[in-house]
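Here's the structure we're looking at; comments come further down.
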Amino acid sequence: MSNPRDFHAPQSSYTKEDLLKSSEGGYFGPGNAQLPAPPMLMMDRITEISLDGGEFRKGHVIAELDITPSLWFFDCHFPGDPVMPGCLGLDAMWQLVGYWLGWSGSPGKGRAVGVGEVKFRGDIKPDIKRVRYEVCMRQVRRGKLAVGIADGSVFANDACVYIAKDMRVGMIAPAI
């Protein structure tokens, strides 16, 4: 597998254009981490990313999604009572853990491998202006297989609406 650092110089923040380039593949080198393409790309920007920040001082990521009533999921979940599916908020945080692993130099493609606990405290409805995801790396294992374990929170206009503990993402070798 290629070394992500040979293809990408880490930045402290990323624009929508950067994230879209990542979704095309190759941003961190052939066969390495990439974000999903829209509409499954669940963020518009990464405002902070670090190797030593966050609650556990092992790295963190903060990203945002601008909410508009025209987002694809509001029409189908639920007609007459639109709400962003909670699983999309969880997926966004898994996306960020995988992105962080590639950004920090781990080769392979990120795949969600589990979560310890998820709690929902509220909804994300079409009148919300912005969703913020905050992910704090708790543990990173690098070896033949890199694994990131993180805790995260989802905020709707600064109110915490979801929390997740022990989100796990593994970096797998690309299929040949």
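Can you tell me which residue is nearest to Leu65 (Cα to Cα) among those in region 119-145 that are touching a residue at least 60 places away in the same chain (Cβ under 8 Å) and touching a helix residue (DSSP H, G or I) at 6+ places or on another chain (Cβ under 9 Å)? Among residues in region 119-145 that are touching a residue at least 60 places away in the same chain (Cβ under 8 Å) and touching a helix residue (DSSP H, G or I) at 6+ places or on another chain (Cβ under 9 Å), the one nearest to Leu65 (Cα to Cα) is Val131.
So for region 151-166 (the condition being free of Cβ contacts under 8 Å to residues at least 24 places away in the same chain and surrounded by 17 or more Cβ atoms within 10 Å (Cβ to Cβ)), does at least one residue qualify? Yes: region 151-166 contains one or more residues that are free of Cβ contacts under 8 Å to residues at least 24 places away in the same chain and surrounded by 17 or more Cβ atoms within 10 Å (Cβ to Cβ).
Quick check on region 124-136. Is at least one of its residues under 18 Å from Gly54 (Cα atoms) and among the charged types (D, E, K, R)?
Of the residues in region 124-136, the ones under 18 Å from Gly54 (Cα atoms) are 132-136.
After this cut, where a residue has to be among the charged types (D, E, K, R) as well, the list is 132, 134.
Yes, region 124-136 contains a residue that is under 18 Å from Gly54 (Cα atoms) and among the charged types (D, E, K, R).
Scanning region 136-150 for residues being open to solvent by 80 Å² or more (accessible area, probe 1.4 Å) and modelled with pLDDT of 95 or more gives a total of 2.
Considering (1) within 22 Å of Met171 (Cα to Cα); (2) surrounded by 18 or more Cβ atoms within 10 Å (Cβ to Cβ); (3) touching a residue at least 60 places away in the same chain (Cβ under 8 Å); (4) not basic (Lys, Arg), say which one Ser50 fails and leave the rest. All conditions pass for Ser50, except number (3). Residues of region 71-113 being more than 15 Å from Ile172 (Cα to Cα), open to solvent by 30 Å² or more (accessible area, probe 1.4 Å) and assigned to a helix (DSSP H, G or I), which ones? Correct list: Trp72, Asp75, Cys87, Asp91.
Please pick out the residue among Met171, Met167 that is modelled with pLDDT of 95 or more and touching a Pro at 6+ places or on another chain (Cβ under 7 Å). Please lay out each step first, then the result.
Numbers: Met167 fails: touching a Pro at 6+ places or on another chain (Cβ under 7 Å).
The unique qualifying residue is Met171.
For region 95-115, which residues satisfy the criterion of being among the aromatic types (Phe, Trp, Tyr) and touching a residue at least 60 places away in the same chain (Cβ under 8 Å)? Listed by number, the residues that qualify are Tyr99, Trp103. The set of residues from region 35-47 being out of contact with any strand residue (DSSP E or B) (no Cβ under 9 Å at 6 or more places or on another chain), farther than 24 Å from Ala173 by Cα and among the aliphatic types (A, V, I, L, M) is empty. Residues in region 114-135 that are open to solvent by 30 Å² or more (accessible area, probe 1.4 Å) and under 16 Å from the mean Cα position of the chain (by Cα) were compared, and the one that is farthest from Trp72 (Cα to Cα) is Val115. Note on region 53-94: residues that are touching a Lys or Arg at 6+ places or on another chain (Cβ under 8 Å) and without any contact (Cβ under 8 Å) to a residue 24 or more places away in the chain amount to 0. Scan region 11-34 for residues that are under 20 Å from Val169 (Cβ atoms) and surrounded by 14 or more Cβ atoms within 10 Å (Cβ to Cβ) and the total you get is 14.
Is it true that Ala37 is open to solvent by 40 Å² or more (accessible area, probe 1.4 Å), touching a Ser or Thr at 6+ places or on another chain (Cβ under 6 Å) and not acidic (Asp, Glu)? First the steps, then the outcome.
Working: open to solvent by 40 Å² or more (accessible area, probe 1.4 Å): yes; touching a Ser or Thr at 6+ places or on another chain (Cβ under 6 Å): yes; not acidic (Asp, Glu): yes.
Spelling it out, Ala37 is indeed open to solvent by 40 Å² or more (accessible area, probe 1.4 Å), touching a Ser or Thr at 6+ places or on another chain (Cβ under 6 Å) and not acidic (Asp, Glu).
Does Thr47 count as β-branched (Val, Ile, Thr) and either in a loop (DSSP other than H, G, I, E, B) or in contact with a Pro (Cβ under 6 Å, 6 or more places away or on another chain) (or both)? Considered against the rule, which asks whether it is β-branched (Val, Ile, Thr) and either in a loop (DSSP other than H, G, I, E, B) or in contact with a Pro (Cβ under 6 Å, 6 or more places away or on another chain) (or both), Thr47 comes out as no.
The values are calculated or read from the model by the stated rules, or taken from the named source; none is laboratory data. As the structure is a prediction and not an experimental result, all values here were calculated from the model. Don't worry about glycine lacking a Cβ; one is built from the backbone with ideal geometry, like all the others, and counts go over all protein chains shown. Quick note on the areas: whole protein, heavy atoms, side chains included, nothing else; ligands and nucleic acids left out. Shrake-Rupley method; radii C 1.70, N 1.55, O 1.52, S 1.80 Å.
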